[in-house]
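The structure appears below as structure tokens.
The values are calculated or read from the model by the stated rules, or taken from the named source; none is laboratory data. The structure displayed is predicted, hence computed values, not measured ones. For neighbour counting, all protein chains shown are included, and Cβ atoms are generated from backbone atoms with ideal geometry for every residue, glycine included.
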Amino acid sequence: MSSTSQTPITYDPEKYADYQSIESGTILNVELNHINTSMLLETHQAVWSPTPFGIQMGELISSDGCHEKIIMDFASGSGLLSVIAGKGGAAKVIAIDLNPKAIMMTQRNWALNNLKPEQLYALESDCFDAIKGHPEIEGKVDVIYSNPPTAPDLEGDVKRLSAGDWNINGQGGRIVNDALITQGRDFLKFGGEMLFITTSKQGSQLTCDLLNQYWGKGVQADGDDPLDYAIDWETRGEANWAVIKRVDLLLSDYYLPFLPQIKQFAKEQGQPEPLIEKEGVLYQKTYLIRAKKMA
Ligand SMILES: C[S@@+](CC[C@H](N)C(=O)[O-])C[C@H]1O[C@@H](n2cnc3c(N)ncnc32)[C@H](O)[C@@H]1O
């Protein structure tokens, strides 16, 4: 168990939409409404705290069912998705994050929810680097879940101090996104699946092309933005990947310093509009993509 003795406070998605407003050591009681369950999460200022969209993804994980499965939580942050998979009866959860404090919090939050320590393997890794060639992980995972970082590089060196700093990942904010698409398959069993979030600000045509290249043909929209649709996964026919949920998310203040880089990347790479404006307010399109490893 974690040594903390704080009284939990109810997580309010409206109030806590901005990760920076949560102090270290706060214990959140996070309700997963659609599945009628809850979990405790301790926060740390240098670790990404749950956002409403992350929680929606968690609800999807619960409805997928993790019972007896080997699950990977790629870019685990607080361990939100790991704990949901653990509470859903996963046989093993492998949690990866670049930030050592995120790994510490994933372990603390696992314990805080009374999950068995031997069922979590949490380790610091730059993308898949630390587990490449691991005989018990490569080709053994049932499902990879990921709510990855999406912020692009700024000018100069990155100083990793705040939770937001840890989300800066290369031109277009694509390092983790591209590692998932190009290497995620290697860690899955045949028939295994990956469910991850990507956004319009990272270049949706680039993401679509990479998915077609590494996972085989997917469902794509006819218009300017190939990811701008959402379908029920069961209706995908012969396709190996598809967007199963699409939400316009308000671009939080955190992303404002990155606006010049986001716009320049889209222009240079010939990408669809990276952001949309409604009544003077900027939104990013977020896509939840499911992909299946076929033989
Ligand atoms: C948006 S947060 C998501 C956290 C958590 N999964 C959730 O849903 O709340 C993204 C996470 O990616 C991690 N990260 C950034 N670059 C990474 C890399 N190269 N390899 C692994 N993890 C990385 C960050 O430290 C951060 O914890």
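Hey, could you check region 29-38 for residues that are surrounded by fewer than 22 Cβ atoms within 10 Å (Cβ to Cβ) and not in a helix (DSSP H, G or I) and say which is farthest from the ligand (Cβ to nearest atom)?
Asn36
Touching a helix residue (DSSP H, G or I) at 6+ places or on another chain (Cβ under 7 Å), farther than 28 Å from Ile137 by Cα and either of a type in the set (Asp, Glu) or assigned to a loop (DSSP other than H, G, I, E, B) (or both): does that describe Leu227?
Taking the combined requirement at face value, the residue satisfies it.
Suppose we keep only residues that are basic (Lys, Arg) and more than 9 Å from the ligand (Cβ to nearest atom) within region 78-101. Which one would you say is nearest to Leu180 (Cα to Cα)?
Lys92
So that you can scan it fast, the table gives a plain yes or no per residue for (1) among the hydrophobic types (A, V, I, L, M, F, W, C); (2) surrounded by fewer than 15 Cβ atoms within 10 Å (Cβ to Cβ); (3) in contact with a Gly (Cβ under 9 Å, 6 or more places away or on another chain):
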residue	(1), (2), (3)
Lys101	no, no, no
Glu118	no, yes, no
Asp129	no, yes, no
Gly133	no, yes, no
Thr150	no, no, yes
Gly164	no, no, no
Gly170	no, no, no
Asp178	no, no, yes
Ile181	yes, no, no
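Out of everything in region 13-51 that is over 20 Å from the mean Cα position of the chain (by Cα) and charged (D, E, K, R), what residue ends up being modelled with the highest pLDDT?
Glu23
Has region 260-275 got any residue that is without any contact (Cβ under 8 Å) to a residue 40 or more places away in the chain, surrounded by fewer than 17 Cβ atoms within 10 Å (Cβ to Cβ) and in contact with a strand residue (DSSP E or B) (Cβ under 9 Å, 6 or more places away or on another chain)?
No, region 260-275 has no match at all.
Give just the number: which of (1) under 20 Å from the mean Cα position of the chain (by Cα); (2) modelled with pLDDT of 95 or more does Leu250 not satisfy?
Condition (2) is where Leu250 drops out.
Residues of region 150-198 being part of a strand (DSSP E or B) and more than 13 Å from the ligand (Cβ to nearest atom), which ones?
Leu188, Lys189, Phe190, Gly191, Gly192, Glu193, Met194, listed by residue number.
In region 85-104, how many residues are of a type in the set (S, T, N, Q) and modelled with pLDDT under 95?
Going through region 85-104 one residue at a time, the tally reaches 0.
Residue by residue, here is whether (1) buried (at least 19 other Cβ atoms within 10 Å of the Cβ); (2) not in a helix (DSSP H, G or I) holds:
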{"position": "Leu41", "(1), (2)": "yes, yes"}
{"position": "Ser49", "(1), (2)": "yes, yes"}
{"position": "Met72", "(1), (2)": "yes, yes"}
{"position": "Ser76", "(1), (2)": "yes, yes"}
{"position": "Ala85", "(1), (2)": "yes, no"}
{"position": "Ala90", "(1), (2)": "yes, yes"}
{"position": "Val93", "(1), (2)": "yes, yes"}
{"position": "Met104", "(1), (2)": "no, no"}
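Quick check: anything in region 56-77 over 18 Å from Pro148 (Cα atoms), free of Cβ contacts under 8 Å to residues at least 24 places away in the same chain and either within 15 Å of the ligand (Cβ to nearest atom) or in contact with an Asp or Glu (Cβ under 8 Å, 6 or more places away or on another chain) (or both)?
The answer is no, given that none of the residues of region 56-77 is over 18 Å from Pro148 (Cα atoms), free of Cβ contacts under 8 Å to residues at least 24 places away in the same chain and either within 15 Å of the ligand (Cβ to nearest atom) or in contact with an Asp or Glu (Cβ under 8 Å, 6 or more places away or on another chain) (or both).
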